[in-house]
Each structure stands twice: as C-alpha cells, then as structure tokens.
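Chemist: Below you'll find the structure I mean.
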Amino acid sequence: MGIQFGSFDDICGTAALVICPLVGTAQGIEPSCYSRNVEVGGTLIFQPSTCFIHIVAIIMTAIMIFHIRSKYTAVGRKEIVMFFYMYTVIELLAIFLDSNIIPTANASYAWFAAIYTGLVAAAYCCLLINGFVGFQFAEDGTPTSLWLLRIACLVVFGVSFFISIATFKGFAGFKYSKPIALWIIYILWPLVCAAVYIVSQLVLVFRTLQDRWPIGDIIFGTAFFTVGNVLLFAFGTTICNAIKHYIDGLFFFTLCILLSVMMVYKYWDSITREDLEFSVGSKAAVWEVKDPLLSSGLDYSEEDTVSNYHGGGVAPSLVGGVSGQQLYQKGGMSTRGYPPSDRY
C-alpha cells in the first residue's frame with residue numbers, strides 16, 4: 001500500500017479508522033476488509049474484538065493512574081497523569097465510534113469524530129510536553145508548568161476540532177474530498193510528537209542518569225508503536241483476509257498502542273523515586289540497626305526519662321553516635337525523591 005500525502009484513499013482502504021466514513025466522498029471510504037460484526041440485543045456491534053481491547057485499555061489505564069497518583073513526591077506526577085486521563089477519554093469515545101453504537105449515518109457522528117480527533121492530537125501534544133518536563137525548564141507541579149501544559153493541549157484540541165468538523169461538513173474552505181489539513185493532524189502530527197518524545201527521553205537518560213535500564217522501556221515502547229502502525233497501514237488487509245474477517249489490523253494497532261502507553265508509564269516509573277520522608281502509604285519505613293556496637297548494651301525504652309542536660313549522655317542530635325543528617329545521607333535519598341545519580 002502506498003501512502004499519498006493529504007489523501008486517505010489508500011489508508012482508509014486498508015484500515016477502518018474513525019474518520020474514514022467522513023472523508024474522500026460523500027459516503028466516505030469503505031475498507032476492503034474489516035472485522036466481522038456481531039448482533040447484541042438487535043444491535044449490530046462493529047469491531048467487537050477491538051472494542052474488547054478498548055475496555056481492557058480503560059481498566060489498565062485506571063490502574064496506572066492510581067499508581068501514579070500514589071507517588072506523591074515523584075517528579076512530573078501531575079503532568080504525566082494528564083496524558084493518561086486523556087488516553088482514557090479517547091478509548092471511551094473509541095468504543096462508541098468503532099462499534100457503531102453511534103451510527104455513522106447519524107448527524108452526531110461527525111461531531112463525536114471531531115472531538116475524538118481533537119483529543120488524539122491533544123494527547124500527543126501532552127506527551128510531547130511531558131518529554132521536556134525532566135529538563136526542568138519550569139519547575140514540575142507548579143502552576144506555571146501545569147497551566148502551560150493545559151493551555152497548549154487546549155489550543156491543539158481546539159484547532160484540531162475545528163479542522164476536523166470543517167473538513168467533515170465542508171465549510172470555511174475545507175473539503176472532505178481534499179482533507180490535507182486533517183491528514184496532517186491525524187497522521188503526521190502523532191508521528192512527529194512521538195519521535196520528539198523518544199529523542200528527548202534518550203537525551204535525558206544519557207545526559208543525567210547513570211542507570212541505563214530505562215532505555216529498554218523506551219525501546220520497547222517505540223517498537224510497539226512502530227509495529228502497531230505497520231500492521232495497521234501495511235498489513236491490515238492481509239491480516240483480515242488470513243484470519244477470515246474475525247479480526248483486522250485495527251485490533252493489533254489498538255493493542256500495540258495500549259502496550260506502548262503502558263511502556264510510557266513503565267519508563268516514567270523507572271526514572272522516578274518516592275521520597276520516603278513524605279510518602280503516604282500503608283507500610284511504614286522500618287530502620288534496622290545492623291552494627292552490633294551501636295545496639296549492644298543500649299536501651300532506648302520509653303521509660304528512660306533521664307535528662308542529658310548536665311550528664312554525659314548522648315547529644316540530642318545524635319542517635320547511637322550517628323547524626324540524623326548522616327542517616328539521611330546514608331539512605332541515599334535526595335530532597336526530590338531521587339538517588340543523587342538519578343536526579344534530573
């Protein structure tokens with residue numbers, strides 16, 4: 001299959017995308033092969049296997065959001081969680097659009113498809129900006145950082161939504177027969193954002209971190225994203241015909257995007273550490289004295305009320321001959337919750 005700039009003819013002929021019934025011609029572009037439909041309660045459900053992946057994606061994203069929100073002191077927590085919230089809404093909308101619960105012939109389909117397109121573009125914008133949070137151009141979690149992210153995503157969403165609905169409806173100089181602007185925000189923009197995010201994170205790891213294991217998460221995430229697009233746009237029809245229409249390329253694309261999003265979480269989790277001093281959890285930190293010289297013959301019971309003011313006892317700032325500051329330094333924790341070698 002050849003991909004022509006600004007044209008969805010070949011793309012929609014292979015992949016059953018959300019926007020395909022609204023571009024190309026007045027009746028849209030129908031793929032040459034698509035997944036079998038199932039009837040549930042008198043209603044035809046399109047792409048049932050893909051809808052199952054959408055449901056799994058929502059569940060998995062909810063779990064990831066819970067774990068991100070539980071890391072109270074992690075760097076970039078508020079910024080990255082916004083990306084996962086947007087991905088959740090996208091998957092929820094995709095269930096209704098892919099399954100034909102909102103029929104393509106319905107007047108509301110074009111508006112929901114435009115919202116979906118705007119959210120996809122905004123989500124990639126959010127991922128792009130999160131790629132620069134680690135460089136600390138603006139302190140993460142501050143109103144400056146958060147509002148810059150929100151405003152940028154809102155602007156991208158608004159522009160993408162307007163271009164989409166104008167292309168679908170054919171006004172303001174846009175035509176569904178020549179959807180060049182829509183092609184840029186739907187096909188080209190995600191590729192650019194993903195590429196910039198990957199490069200920025202590789203630079204971050206090589207320049208600021210001594211641990212190289214996070215590179216594996218980046219490689220796996222890139223591989224899933226690449227394989228998903230190749231299976232959708234290059235082998236979608238071949239897969240559909242080989243499996244007798246039970247699943248198509250859209251199923252594998254949705255699955256690979258879910259896996260790549262999970263690797264984004266895994267990567268972020270691997271480069272952040274929780275600050276034990278400020279963490280809130282069910283398990284309390286337990287300090288165990290390993291040196292027998294510090295533990296032998298010493299009794300720190302609550303009944304010991306002898307004052308050390310005039311005696312030769314231990315100074316209030318010392319515990320077993322080691323100061324609290326020294327204990328903190330031995331623990332290897334920084335003020336932001338990173339080991340000194342892993343801070344960025």
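The values are calculated or read from the model by the stated rules, or taken from the named source; none is laboratory data. The structure presented is a predicted model; accordingly, all values stated were derived computationally and were not measured. Here the Cβ positions follow ideal geometry from the backbone for every residue, glycine too, while neighbour counts run over all protein chains shown. Heads up: the accessible areas ignore ligands, DNA and RNA and are worked out on the full protein's heavy atoms, side chains in. Shrake-Rupley method; radii C 1.70, N 1.55, O 1.52, S 1.80 Å.
Chemist: Can you sort Lys178, Lys266 by solvent-accessible area, 1.4 Å probe, largest first?
Modeler: Lys178, Lys266
Chemist: Still on this structure, I have one more. Hey, got the dipole for the range 8-271? About the Cα centre, +1 on K and R Cβ, -1 on D and E Cβ, debye to the nearest 20? Walk me through the numbers on the way to the answer.
Modeler: Values: 13 positive and 13 negative charges, 58 e Å.
Dipole of the range 8-271, to the nearest 20 debye: 280 debye.
Chemist: How much of the accessible area of the range 8-271, probe 1.4 Å, is carbon plus sulfur, in whole percent? Walk me through the numbers before you get to the answer.
Modeler: Values: 8660 of 12080 Å².
Carbon with sulfur: 72 percent of the solvent-accessible area.
Chemist: Using θ = phi - 60° and the Karplus relation 6.51 cos²θ - 1.76 cosθ + 1.60, list the HN-Hα couplings for the range 27-36 in order, rounded to whole Hz, with x at every Gly or Pro.
Modeler: Residue by residue, the range 27-36 yields 9, x, 10, 9, x, 5, 8, 9, 5, 4 Hz.
Chemist: Rolling a 1.4 Å sphere over the protein heavy atoms, what is the accessible area per residue of the range 8-271, to the nearest Å²?
Modeler: That works out to 46 Å² for each residue.
Chemist: According to a simple spin-label model (label point 7 Å from Cα along Cα-to-Cβ), what is the distance in nm between Asp211 and Lys244?
Modeler: Computed distance between label sites Lys244 and Asp211 equals 4.9 nm.
Chemist: Still on this structure, I have one more. Extending each Cα 7 Å along its Cβ direction at Thr142 and Asn37, get the distance between those two points in nm, one decimal.
Modeler: 5.5
Chemist: Each residue of the range 99-116 in turn: what ³J(HN,Hα) in whole Hz from Karplus with 6.51, -1.76, 1.60 and θ = phi - 60°, glycine and Pro shown as x?
Modeler: Once rounded to whole Hz, the list reads 7, 6, 4, 9, x, 5, 7, 6, 5, 6, 4, 4, 6, 5, 5, 5, 5, 4.
Chemist: How about the range 1-97: which chymotrypsin sites (Phe, Trp or Tyr not before Pro) there are in a DSSP loop, with at most 10 other Cβ atoms within 10 Å of their Cβ?
Modeler: Phe5
Chemist: Sort Trp111, Trp213 from largest to smallest accessible area, using a 1.4 Å probe on the heavy atoms of the protein chains.
Modeler: My answer, sorted largest first, is Trp213, Trp111.
Chemist: Find how many whole Å separate the alpha carbon centroid of the range 206-225 from the alpha carbon centroid of the range 100-159.
Modeler: Cα centres, the range 100-159 to the range 206-225: 24 Å.
Chemist: What list of ³J(HN,Hα) values in whole Hz, one per residue of the range 166-171 in order, does the Karplus curve 6.51 cos²θ - 1.76 cosθ + 1.60 (θ = phi - 60°) give from phi, with Gly and Pro shown as x?
Modeler: Coupling constants for the range 166-171: 5, 5, 5, 8, x, 10 Hz.
Chemist: How far apart, in nm, are two points set 7 Å out from the Cα along the Cα-to-Cβ line at Thr104 and at Ile180?
Modeler: Once both label points are built, they end up 2.6 nm from each other.
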